[in-house]
Structure formats: structure tokens, C-alpha cells
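Just below is one structure, and these are the notes that go with it.
Where a number appears in this text, it was derived from the coordinates with a stated rule and is not lab data. Just so you know, these numbers come straight off a predicted model, no measurement behind them. Virtual Cβ from ideal backbone geometry, glycine too; neighbours counted across all protein chains shown.
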Amino acid sequence: MISTAIRVARVGSAAELAAAALMMLGFPCLMLAALLPSVAAFAAAAAVTYLADHYLHRRGSYLINRLSKVRAGLSIRFLIRQLLLVLLLARLDLSDSMVFYAAVACFLAFYGFQAPHGALITLIRMRRKMPVAMRNVDLGSRIRIPDAPPRRLLSRSAEKMLHLDLVAVAGVLVSGATDDDLYGFVGIGITILLAFGYVAALVPFVRGRKTPPNAETVLAAVDEWLQDYRPETVLYFSGSKDSAYQVNMWLETMEQLDTKPLIILRERAILERMAPTTVPVICVPGGVHLMNMDLSTVRVALYAANVGKNIHMLRVPTIKHVFIGHGDSDKLASVNPFSKVYDEVWTAGRAGRDRYAIADVGVRDDDIVEVGRPQLAPIQPWRGVPEGRIPTVLYAPTWEGWDDNPGNTSILLAGENIVKGLLAADQPVRVLYKPHPFTGTRSAEAKAAHQRITALVEKAAAERVADPRFAADAAAQSTAKAELARIEARIAVLSGSAEAGDEAEATRDGMVDTAKHAEVARLRGEWNDAYWRSFGAWEHRVITGAEPRLYDCFNVSDAMVSDISSVVSDFIASGKPYAVTDSAELGVEEFKRQNTAVRAAVILSNSAAELGELLASVADPAGDAQAADRQELKRYLLGPDEPASIDQFNSAVRELAQKAERRNLGQEAATSAAAGELADALPGQRGTGETDGATVTG
């Protein structure tokens, strides 16, 4: 019942739910204590409501937002407590006392301070919101960006301001219990002074040198930087906060470009979630600001997603526009008709070209360029199961998608059967379960299935620990865990645990240290190695979160089970056996006909009865009938191994930049010729100096 209540209330824990219940019960208790009257009971109930409110705010509880929606917001709760305190004083026959009038006046004045306090907080945040947020751009040397106000002034400011009444409430309660008005006057005076001081402390940050420059000054400085830096290739991205991974997958490729790279984002939420990079980043939320930005040196714009805001960049005719996507799969998103707005569409291999031809959505074959997948460089080729280790099978299903198509994910209909089949295999295997980050975000059924699969894997892991056949090298694991802790501590130091005060400070100070960036990359490789040594090579594992990465899971696995998604196409780069679930039950032949990436896969039904074929390929590579098919499919989907994909990508960028330059030069020549013809055609504009029928001579 408690878990149901937690789910319905959308709170994070039982403690959070208990705090909410105590807070809501506390107010009826306050009223009862005021009517009795009982100072002690009122003080106890008030303490509970104060503490519960503070706890919920500190946890960022969803219930706080819901209370505001039903007109029980923070200010109302404090006002009710104060009114009940006034009622308590009246019930104590203190309505004619000076402390009664002082309390009423205090609370009125206290609420009088709320308006300027709220206005100042809002104004400070608005003035420190940059029209353009940046990383790896030295903007601080061009314009003055002052330090942010102390975090203690702005963080949870409304809650802090309202809690200043605590001193007055405590003083008045002591006066009510002792009949000594002095305590009440002292508490009231302190509350008023603190409220005034809080407001006064904010005033300097809305004027003078403590405010950042206006938008016009900032944008002019950005244009100056662009003129100096002269970017040539832009990665343009817009999307929801959950789609940050789509731009993150291209960061390393952008760092390896031969031309000058620049990343342009449209949402601040993406900037906050973007992985560290050495490439300059500009976040431009305003479409008008972007369209007025000086991008005259840019020749190639790369787009990782098809979204409406792309139009703000697509309108620039001097740039050649390319759709590069954020994965390569047989899903409909890979042949979106929107793609025909781009000058070119870049695919990994021949398969992408053929998809567009079959889909017939208006993308011309001449506009498709095969560039490989530079991101796949870290994936290691398979050389069989290392001697002395049991095989590892990765189950990496995709999420449920935006509709209820049963073919979206195997989680719902086949997931438990797949995991049970792997766990019960005649020849033991290790199971790694790495679900898509979006799993369960739309469908409650998918979330429940994910939780059941997680429980299966964790239970099997616990049973295997107790199995004498699987001995653990405790000393080696302990050493690896200590190494993990050391690496994580070092990465935390290098990455910087202290956050910038706000967007303005982050823009000013957001220059990456290239040496630290390189060291962090090296340490992450060491972390990955230590992670896999920190538990047994036979131990089942549920892997969520950013680390270890999907490709790291590929490299320690000997086979994979997945769904129709880019994960399958990426895994094919390893050459390892894989299986794909036909969740929609199309049948093997039809499923292979519709989905290129499964043509060298073991096709699973929802019962997962075909798992034995996959496990047999892992156990006996020599008898793997589909090994040659996988190599051929790899070339078809991802292109040739040589030249390296990053070299193909760089070559494609150079060639398209040259096309853009030729087009721009041709336009300039055509414009000049047209202007000359127009000048010759207009009366009074000839070189002889004729005006209004008169001839002007030397």
C-alpha cells in the first residue's frame, strides 16, 4: 500500500511521503491547539509543519509543486500558520495586549517585504540570463561579466525569506506561555530586521557594475569572437533535455575535424547536460538572435535531429546543410521525408542509401554520401571467448517508443523470456542487462516489465555468488574497487565539483582545460577497465546510467540480444553473434525483408525459444554459420574498414565546403553581372555621364 501511495503521489521515498502527511496533518492540529488553547501543542504542531516543509523543499519534492496548483502554496501555508498564531493569542485573552498588536503588525509588514524580495530575485535572474550562453569561448576578455550573487541569497529564496518568521513565531509563543511581552517584541524585531536585511542585500545586484551587459552588447561581443575564430563547420542541435545523448555522440567526431568546428545549441537544458568537450559551444535560445548572428565563414552545417528549429539555420544559403542523424537503423526515423530539405544526407554505408531509395520520400541518390560511423572506432572486433571465462551475453533492448506498436521493444512481450532463457542455459553464461535510458518513461507496462527483468537478473546474481562453481578472487576485486574509488576521486577533482554560480558565470569561466580534458579521457578508460575487474567475470549485472557506456558493454560481451534500433547496427561493427526479437511477430522472412540489420541475426520469437542457436554460435565459433554473413552485412551497413571512418567524414566535410565556396563565388559573380546589366539599362547611369538629357563633359 505504501508503494502504491508513493507511486500515486509521485514522491521519491517513504520518508518523503511521511513528511508530506505530517505537514498536512500538522495544520489541523495547529487549529485545534489554537482553539483549546494550548501553547505547547501549538508549538509542537508548528515545529512539525516547519520541519516537514523544509525537508520537502530540500528534497525538491513533486508534492510542493502540486500543493501550489491546489492553492496551498508556500506563502499560503505560512500565512495560515501566522493567522492561527493570532487566533491562539486571542484565545489566550491577549487580544488587548501590546504583543498581540505587535504580532499582527509584524506579519503585515513581513508580507509587505515579500513583494520587493520576489521582484528583486526575479529581476536578478532575468538580468543574469544571457542571450547567448557559451562554453570554450573567451567572452570574458571582451565584455565585463560580474560574479554571480552569493548562492545563499538566490537558492530556494522564497523558502528562506518566509522561514524568517520563525523567530517572531517562537518569541510570541514564549510570550503567550510566560505572560512576558519582551520575548515577543525581541522575536518580532529580529524577524523584521532579517527580512529588511535580506531585501537590502539583493539591491546591489540589480544595478551598476554587478549586472551583466545588455543583450546588444553581448551579441556584439559574440560576433567579434566569431569574426576572429572564423568557424567553418557547425554541429547544430535542438531537442528536449532527454535528447542530449544525440549531440553527445558527435562531440568526439567534432573534436577530430580538420576544419574549425563550432557547436550551436538551441536549448539551455541541452547545454547543461552536454558532455565536456574542447569544441566551442554557443547556446542561442532566441531564433532572432541566431538569424542575426555572423556565421559568414561557416560552410557546412551538420544536423543530428529533424526538429522544427532547424529552419533558423537552414535559411542561410551560404551554408551547405547535412543531415547526419543520431544513429543508423531500419526505423522509420532513418528515412524521414523531412530529410529532403538538406543539401546532403550522410549515411554510414550502402544500406542507408538503399533505405531512402526504397522509402521514396524525395531524397535523391546523388545527395546521399556514405561516410561510415566515426563513433564506432572504440568497438573492438571479436576474437572468441577468452579461455577460462564463461561467455557474456548482453541484453540491450530499446524503449517502448511514442506509440503502442508491439515491434518497438522486446521488453513487454519477450524480455522476461529472453532473460530466463539466458539464465537457464545448459552452458552457463553471464547476463548483462542494459536497458535504453527512456525505458518506462511513457509506458507503465514497460516500466513494470523492466523492474521484473531487473529483479530476475539481481536474484540470479545473488544465487551465483553462493554457487561453489563460481569462485571469486576477493583480493583482486577489492583492489579493483579501491582503484575505482581513486580514479573517481581524481576525475571529480579534475572535473571540478563546484558549479558555476549561474549562466553568466558559466559563460565567462567555461573554458575547458585541454590537459585536464585529456587526462579525464585517459582516466575514464582506466575506470572502465577497473569496473569490469571489480566483480566476477561470471557475475550477472544490471547496468544503468552513463557509465559504463554501451560500447564498453559491447567490448566485454560475446553476443547480444536487442531490438530494431541503432544499437544493432553499432554492434555489427564488432562482428559478434547477435539476435533480434521479432516482437510484432512478422515472421522470419518478412522481418528480415523489412529490416536490413537483422539479415545476419538469429531471429527470436516472443518465446525466445531460438536462443540456443545464438548460444551455440558463441560456444563454437568454428561452427558459426552466419559469421561470413555478418562480415558482409557489416560492410553493407557501416561501409569499408579502410579508410578509417573519421577520414571519410573529414573528406566529406572538405568536399562539401568546397561546393559551398564554389556556389557562393558563383552567386557573387552572378550578382555583380546582374547589377552591371541593371546599371546599363537605367537612364542616367551610363558611363558617359548623361543626366536628364544633358551631356556633362570634362
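Ordering Ser617, Ser68, Ser569 by the number of other Cβ atoms within 10 Å of each residue's own Cβ, fewest first, gives Ser68, Ser617, Ser569. Shown for the chain are the DSSP H helices of 15 Å or more along their axis, judged by Cα atoms, with a mean Kyte-Doolittle hydropathy of at least 0.0: 14-35, 39-58, 74-91, 98-127, 165-178, 181-202, 215-229, 474-495.
Summarised in one figure, the compactness ratio Rg/Rh of the chain, Cα atoms and Kirkwood Rh, is 1.07.
Approximating the spin labels as points 7 Å out from Cα along Cα→Cβ, the Ala448-to-Ala462 distance works out to 2.2 nm.
Net charge of the neighbourhood of Val588, taken over other residues with C-beta under 12 Å away and scored Lys/Arg +1, Asp/Glu -1, is -3. Taken about its Cα centre, the chain carries a charge dipole of roughly 1780 debye when the Cβ of each Lys and Arg holds +1 and the Cβ of each Asp and Glu holds -1.
Take the Kirkwood radius over Cα pairs of the range 173-326, plug it into Stokes-Einstein at 10 °C and 1.306 mPa s, and you get 84 µm²/s for translational diffusion. Along the axis of the charge dipole computed for the chain (Cβ charges of +1 for Lys and Arg, -1 for Asp and Glu, origin at the Cα centre), the listed residues Trp402, Gln667, Val361 are led at the positive end by Trp402. By the Stokes-Einstein formula, at 0.692 mPa s and 37 °C, the range 128-197 with its Kirkwood radius over alpha-carbon pairs has D equal to 212 µm²/s. Taking every C-alpha pair closer than 8 Å and separated by at least 6 residues, the mean separation divided by the residue count of the chain gives a relative contact order of 13 percent. For the range 473-535, a Kirkwood hydrodynamic radius built from all Cα pairs, placed in the Stokes-Einstein relation at 37 °C and 0.692 mPa s, yields a translational diffusion coefficient of 248 µm²/s. Put in line by how crowded their Cβ is, counting other Cβ atoms within 10 Å and starting with the fewest, Arg593, Arg469, Arg541 read Arg469, Arg593, Arg541. Only Lys, Arg, Asp and Glu carry charge here, each on its Cβ (+1 for the first two, -1 for the last two); on that basis the range 473-535 has a dipole of about 340 debye about its Cα centre. Counting only DSSP beta bridges whose two residues both lie in the chain, roughly 10 percent are antiparallel. Starting from a Cα-only point model with no solvent, please compute log10 I(q)/I(0) by Debye for the range 295-389 at q = 0.16 1/Å. Debye output, listed in q order: -0.70.
Working note: Debye formula, equal point scatterers on the alpha-carbon atoms of the range 340-485, no solvent; log10 I(q)/I(0) at q = 0.16 Å⁻¹ is -1.09.
When Trp532, Trp250 are sorted by how many other C-beta atoms sit within 10 angstrom of their C-beta, beginning with the fewest, the order is Trp532, Trp250.
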